[in-house]
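Before any comments, here is the structure.
The values are calculated or read from the model by the stated rules, or taken from the named source; none is laboratory data. Owing to the predicted nature of the structure, the values given are computational and were not obtained by experimental measurement. As a convention, Cβ positions derive from the backbone with ideal geometry for all residues, glycine included, and neighbour counts pool all protein chains shown.
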Amino acid sequence: MSNLLSKFDNNVELLLAKFQEICTLSTVENKDYEVQSVESLQIESDGWTIIRIAEELLSVTRTLKESWILGQAKNTDPDKDPNDFSDAQLYDLYEKVNRLLDELASDA
Amino acid sequence: MPFLKINPVLTESPRDTLENGSNGTPANGTPQSNGSLEDSSLPLNQLLAKIVSQNGPFVDITEESLLSEIAGNNKEREGKQMKQEPTDEDAEMEEAFPSPGMASSDLPSPSLAPSASPASSLTVEEFMKQKEKAIGYMDSALNESSLSLDFVSLLISCLRPAAGTSSMSPHLKQHVKVGSLSSGRITRQNQQKDEDIARDKKNQSAGRGWKLQSLSRVSNDLKAAAERLSGEISKEKQYWDGMMDIVRSDEVVIPVKSSRNGKSAKDIGVKYGFGDAGSNYYDKGIGLLLKDRDGGELYFERKDVIPQVQSMQSNGKGEAHKVVTVKIYKRRGGKQDESDLELVGESDIVGRIPGDQGCKVLDDIRRARFFLFEEELFYQLMKEAATLISLQVKVDSGKIFVEFYHIVLEIGFASAEEIAKEKGELVSRNEEFDRQADEVGCFLRLMLCFQHRQNLQKRRLPPISLCQLQSRNQTNAQSVLMLLRPLITYKKHNRTILKLKTALKSILLNLEAKDEDKVNKIMTDNFRIKKFCNDPNQMKRYRSKHRLSRGNPFIRCLMSPLSVMELKYKGRLRIILELTSDSKASFSTIVVRVDKSERGDGDYGKEILDVEFSHVREVEDCVGWVMRTAEKTNQPDAERSEVASAVANGLPSENGLSNEAGEVPNDTK
């Protein structure tokens, strides 16, 4: 769980950092050709990183859902447990089974 | 120095003569020291011309005249020296040390005074000393000059850095900034050159363009990604909504490792099978809940346990959707032939296939569960049928045939489409038989459920110690699955009861001179039958409380049925037939007990017969014989005891032997 939380935090932090980086990189201050071109490429790579991080965040939610769905213990009401029959039910069943058996056994 | 010293000596005489000549007093020959000083500076040709003009042509000069002149000069000089020594020394000194590169004011003139003594008086030591001093002066002068050069270079470097630095000393370069007088230099920013400004402008505009381009590209990417991801999210939502439906409907959701398209993945699966419900079938019924790539909808897919099975099922399409069908055939004639059979009834299982209830996935799961159960049912039926050959159960071309007295039960495994196709061909339908076939199917399914439950209960038992394991294993091996067996056993049991009833009836008919009414009356009044009395639940303490012993509703199906029949005949004889049909073997045992009432008042105190048979025919013979004998002898006790003893010994008395009754059974006790 803490693993997920830290992953979440890290991703959000990284996302913001990358966004900030894009803003910083988009300034044009007496920079050389080379620097400018590298920076423009870096802007693009930062954009892709943002997308990737967003996808990762989605996977975090998916993991959460999965572990929630798979990790929950079923609470079954003992009164409604389908595997538990009351005596009356069992007797009823007994009679019915016997009736069925008799009916089948007797030649039509 | 020596040159300088010699030089005046050499030039002295002409100079002196010149001076003398210029002075116009050549006879005196008193040359002026100032004049000689000037003469010495004259070039040679001028000097010669001067000498000639003063002293006349060299032809007139004789040795005597020269000697007298020198002598006269010497006298004059000696006299002069007494008066004018200091000035002479100064002049000499100035002549000895001309300083073209030096500032003459810097020279310490007094220190030279001693050295300015006449050249002849100079010693070597003094010369060396002088030389040292001179070198020292030269060094300092060089130093001074280089300092001034540095200074000048520094000044120049302000305007022409290249020219300045080239002549600068390394020390200065190191410590003082070029172009400055050891202080910072402030250049004005806006004094850039035009081309620099233009270049920067160009840089900026290009950079701006590039950045604008990448920003727009990134924004497009982000937009596309956002759209894609929001689509993903909606798909995901749909998937999880479907998942929640499944969780809410109490399906068991488990993590499953699956391998699709060659790569293994972790998926969410659902347990739709009966593995946890006690089934020992190889297919535990685990399905995958997968996400549809396009729509994001949840869909259900069976996970095949064994790859071979998968390929098998994919070959035979629809193999997985088969159901167990029960058909009832009736024999037309008495022939034991397949062609003799006529289909009279068929179970309707197709109607029980779970239909759509709105949620596709849940419907799929339900259907898969249903078909899995059918699959297992047929598998277990086949397995059981193989052990039931002794009970007229045949397995032929994937179908099970169970022979009953007048009907044949066919249990098959067919897909719903096949059933629907065959149904059209069915001509003679009998609702009664249809119902019966349905009931048979129902019963078989119930039995499988029950077996599952039993397995589950067995699993819940605490483990037993190893020393007991062996005996336990034996009992386990014996407890085979029973699906068809109870049906057959009970059918046979009932059949035997009927046969026995008919046998008793026929005996009575014989005894009562074929009077059917009377016999019927006897049968209704004095014949009692109690079926399945070994069922513990038939005991009063359970029956009255409507409770089951050991809580097993299927107990009757497991045990070997035991029925008791009692026939009282004319208050004198009581015949008790105990019929046990063994559920594990194919035979029945019939115990015949005959009691007799001494006084005919219903008090059957005397037991005259207790024998066990395995065939109805034998029972009929035996009972018929006993009844007839009892009827004939009827009275005396002695005879009766005779009969009893005879029966007990297996040797019927001669007079008690009835020809009609046929043989006397051998297996009397």
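Residues to consider are B:A585, B:A646, B:A638; find the one that is among the small types (G, A, S), at pLDDT 65 or above, in the same structural domain as B:R556 (by TED's automatic domain parsing) and not in a strand (DSSP E or B). Spell out how you get there, then give the answer.
Numbers: B:A646 fails: at pLDDT 65 or above; B:A638 fails: at pLDDT 65 or above.
None of the others qualify; the one that does is B:A585.
Taking region B:213-229 as the region of interest, how many residues are more than 7 Å from every other protein chain (Cβ to nearest Cβ) and within 25 Å of the chain's Cα centre (by Cα)?
Looking only at that region, the number is 1.
Could you tell me whether region B:266-278 includes any residue that is of a type in the set (F, W, Y) and more than 22 Å from A:I69 (Cα to Cα)?
Here is the first cut: in region B:266-278, the ones of a type in the set (F, W, Y) are B:272, B:274.
Checking the rest, the ones that are also more than 22 Å from A:I69 (Cα to Cα) come to none.
Scanning region B:266-278 turns up no residue that is of a type in the set (F, W, Y) and more than 22 Å from A:I69 (Cα to Cα).
How do the pairs read when you match residues in region B:234-254 that are under 11 Å from B:L362 (Cβ atoms) and not assigned by TED's automatic domain parsing to the domain that holds B:G358 with residues anywhere that are at pLDDT below 85 and surrounded by fewer than 17 Cβ atoms within 10 Å (Cβ to Cβ), using Cβ under 6 Å and keeping only pairs 6 or more apart or on different chains?
From region B:234-254, the pairs are B:D245/B:C359.
So is A:V38 in a helix (DSSP H, G or I) and more than 11 Å from chain B (Cβ to nearest Cβ) or not? Lay out the reasoning, then the answer.
Values: in a helix (DSSP H, G or I): yes; more than 11 Å from chain B (Cβ to nearest Cβ): no.
It is false that A:V38 is in a helix (DSSP H, G or I) and more than 11 Å from chain B (Cβ to nearest Cβ).
Would you mind stating whether B:R445 is more than 9 Å from chain A (Cβ to nearest Cβ), part of a helix (DSSP H, G or I) and either modelled with pLDDT of 85 or more or farther than 27 Å from B:S581 by Cα (or both)?
Numbers: more than 9 Å from chain A (Cβ to nearest Cβ): yes; part of a helix (DSSP H, G or I): yes; either modelled with pLDDT of 85 or more or farther than 27 Å from B:S581 by Cα (or both): yes.
So B:R445 passes the test.
Anything in region A:1-22 that is loosely packed, with under 11 Cβ neighbours inside 10 Å and in a helix (DSSP H, G or I)? List them, or say none. Can you show your working first?
Taking region A:1-22 and keeping what is loosely packed, with under 11 Cβ neighbours inside 10 Å, we get A:1-3, A:5-6, A:9.
Listed by number, the residues that qualify are A:S2, A:N3, A:L5, A:S6, A:D9.
Can you spot a residue in region B:172-179 that is more than 9 Å from chain A (Cβ to nearest Cβ), surrounded by fewer than 10 Cβ atoms within 10 Å (Cβ to Cβ) and either over 33 Å from the mean Cα position of the chain (by Cα) or modelled with pLDDT of 80 or more (or both)?
Yes, region B:172-179 contains at least one residue that is more than 9 Å from chain A (Cβ to nearest Cβ), surrounded by fewer than 10 Cβ atoms within 10 Å (Cβ to Cβ) and either over 33 Å from the mean Cα position of the chain (by Cα) or modelled with pLDDT of 80 or more (or both).
Do we have any residue at all in region B:564-581 that's modelled with pLDDT under 85, in the same structural domain as B:L609 (by TED's automatic domain parsing) and closer than 20 Å to A:D102 by Cβ?
Looking through region B:564-581, at least one residue is modelled with pLDDT under 85, in the same structural domain as B:L609 (by TED's automatic domain parsing) and closer than 20 Å to A:D102 by Cβ.
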